[in-house]
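Just below is one structure, and these are the notes that go with it.
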Amino acid sequence: MRYILALIALTAAVVVWLRALLRKQKKKANIKGWVKDQDLDGDGTKYYNHKAGVLCKPDLVMDGGSVIEYKSREAGDKPIYSDVMQVAIQMMIMRADRAELRYKNKTFVFQRDDQVMQKAMQDAVYAIKKMKYHLMTDNAPEGAPTPRKCAVCVFYKQCTEAAVA
Ligand code: SF4
């Protein structure tokens, strides 16, 4: 009996310690609420929208479905538009009503019906359609080729505009 009580006390102590550690880490990362999924270690879940043919791996998926994306760079007065489009795709796939884009120096918060987010979603849908068209017709899109980009491009072999290192 004494061992069982000691085991229960030890388990309770470990749970309290782990909760305190988690609370401290969440506070440090400025995260409120429960994290449902995370890709901060590159091991997150891939979420798909098969109909649209897109996937995403948000850095954090919060309980309730909102998403948080971290960027290692700094932002100016406005977020970088390609990042907003990335978050727009995440919001569409996750059906999230809220998203955060966290740069090194500031955070931008978006609601699904914000004007900028609605526009980013429309632009993302257009970009996805355009990408699908190019893939289905085996037709390379116009772009600004650099040896680095071209080296990993799926059109590299067919493309007459590929930049060579
Ligand atoms: S190979 Fe380079 S130029 Fe051609 S489609 Fe790919 S990225 Fe663009």
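Using the beta-carbon distance between VAL16 and LYS46 and R0 = 45 Å, what value does 1/(1 + (r/R0)^6) give for FRET efficiency, to the nearest 0.05? Efficiency, from the Cβ-Cβ distance: 0.80. Contact order for the chain, expressed relative to its length and based on alpha carbon pairs under 8 Å spaced 6+ residues apart, stands at 13 percent. Working from label points 7 Å from Cα in the Cα-to-Cβ sense, the LYS71 to LYS149 distance is 1.7 nm. Placing unit charges on the Cβ atoms of the charged side chains and taking the dipole of the chain about its Cα centre, the candidate lying farthest along the positive direction among ILE128, LEU18, GLY44 is LEU18.
Any idea what angle helix 2-28 forms with the longest principal axis of the chain, computed on alpha-carbon atoms, 0 to 90 degrees, nearest 10? Between helix and principal axis, roughly 40 degrees. With 29 Å as the limit on Cα-Cα distance, the pairs of LYS51/LYS104; LYS36/LYS132; LYS24/LYS119; LYS129/LYS157; LYS71/LYS157; LYS106/LYS132 that go past it are LYS51/LYS104; LYS36/LYS132; LYS24/LYS119; LYS71/LYS157; LYS106/LYS132.
Mean silhouette area of the chain, derived from the convex hull of its C-alpha atoms and averaged over all directions, reads 14.4 nm².
Kindly identify segment 52-137 as rounded, prolate or oblate by the Cα gyration tensor criterion: order the square roots of the eigenvalues as a ≥ b ≥ c, call it rounded if a/c is under 1.5, otherwise compare a/b with b/c, prolate if a/b is larger, else oblate. Prolate. Per-residue packing, averaged as other Cβ atoms within 10 Å, sorts the ranges 2-14, 120-132, 57-69, 147-159 into the order 57-69, 120-132, 147-159, 2-14, beginning with the highest. Enter the angle in degrees (range 0 to 90, nearest 10) between the Cα long axis of helix 81-94 and the first principal axis of the Cα atoms of the chain, meaning the one along which they spread out most. Computed tilt is about 60 degrees.
We did not get these values from a lab; they are worked out from the coordinates using the rules stated. No experiment lies behind these values; they were computed from the predicted model shown. Glycine also receives a Cβ, built like all others from the backbone with ideal geometry; neighbour counts cover every protein chain displayed.
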